[in-house]
Amino acid sequence: LFDMSRRQHASGQLIHADRMTSLGRMVAGVAHELNQPLNFIKMAATNLRERSVRGQFDPERFSAKLDSMIAHVNRSAAIILQMRVFGRKPTEAPHPIAVHDAIEDVLTMVRTQFDADGIAVDYHSSDTGLKVRALPVLLEQVLLNLMLNAGDAIRSRMNMGDGTPGRIWIRASKKKTQVVVTVEDNGTGIAEATLPIL
């Protein structure tokens, strides 16, 4: 018998550091994307204030602008919340979780950055109720790394002058007792020399 606690602690620290690295790769893109809704909200609020001061109160116009402002706030809050949850250290034990939810949570974090880069995501699940026994943050970490790598491969291709629109396909399906998730992209692909190592 021997004490595994140190090894488990070190493993947990490495996993957390990897998640922080993944978040770090996203920060610049997310910060840029959050500026867009903030600028819209600022302009809309300024416009509404000026109209109010001039006595140009149009209830229908005011309501539409306020609805748009709320939608932008909710979208930004969802991205920030998901990044905060992803950055926490897992404290719960592995339990059945919906794969669909994990994929959607990761897409919440990356979709705005992909949209800005002209990368479309095509996600389909044969059954949105598919579940696996896991820790949500660890499953999300794997999915996030796959999606970020796909995005990097597409941007590399585009930087070489290929103007083909970026595309990422995500599929989730059940194969006997397993849930299979595939992430495919039309980027540069993996170098032939690297394939044997994987």
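For V142 paired with T188, estimate the spin-label separation in nm (one decimal), with each label point 7 Å from Cα along the Cα-to-Cβ line.
About 2.6 nm separates the two model spin labels.
Over region 53-196, what percent of the accessible surface lies on carbon and sulfur atoms, probe 1.4 Å?
Roughly 55 percent, rounded to a whole number.
List, in order, the whole-Hz ³J(HN,Hα) value for each residue of region 143-153 obtained from phi through the Karplus relation with A = 6.51, B = -1.76, C = 1.60 and θ = phi - 60°; use x for Gly and Pro.
Working through the residues one at a time gives 5, 5, 4, 4, 5, 5, 5, 4, x, 4, 5 Hz.
Hey, if we sort I154, I41 by accessible area with the 1.4 Å probe, largest down, what's the order?
I41, I154
Order F62, F40, F114, F57 by their accessible area, 1.4 angstrom probe, all chains in place, largest first.
Working: F62 25, F40 65, F114 0, F57 130 Å².
The residues order as F57, F40, F62, F114, largest area first.
The values are calculated or read from the model by the stated rules, or taken from the named source; none is laboratory data. None of these values were measured; they are calculated from a predicted model. Backbone-built Cβ (ideal geometry, glycine too); neighbour counts: all protein chains shown. Calculation scope for accessible area: heavy atoms of the full protein, side chains included, ligands and nucleic acids excluded. Shrake-Rupley method; radii C 1.70, N 1.55, O 1.52, S 1.80 Å.
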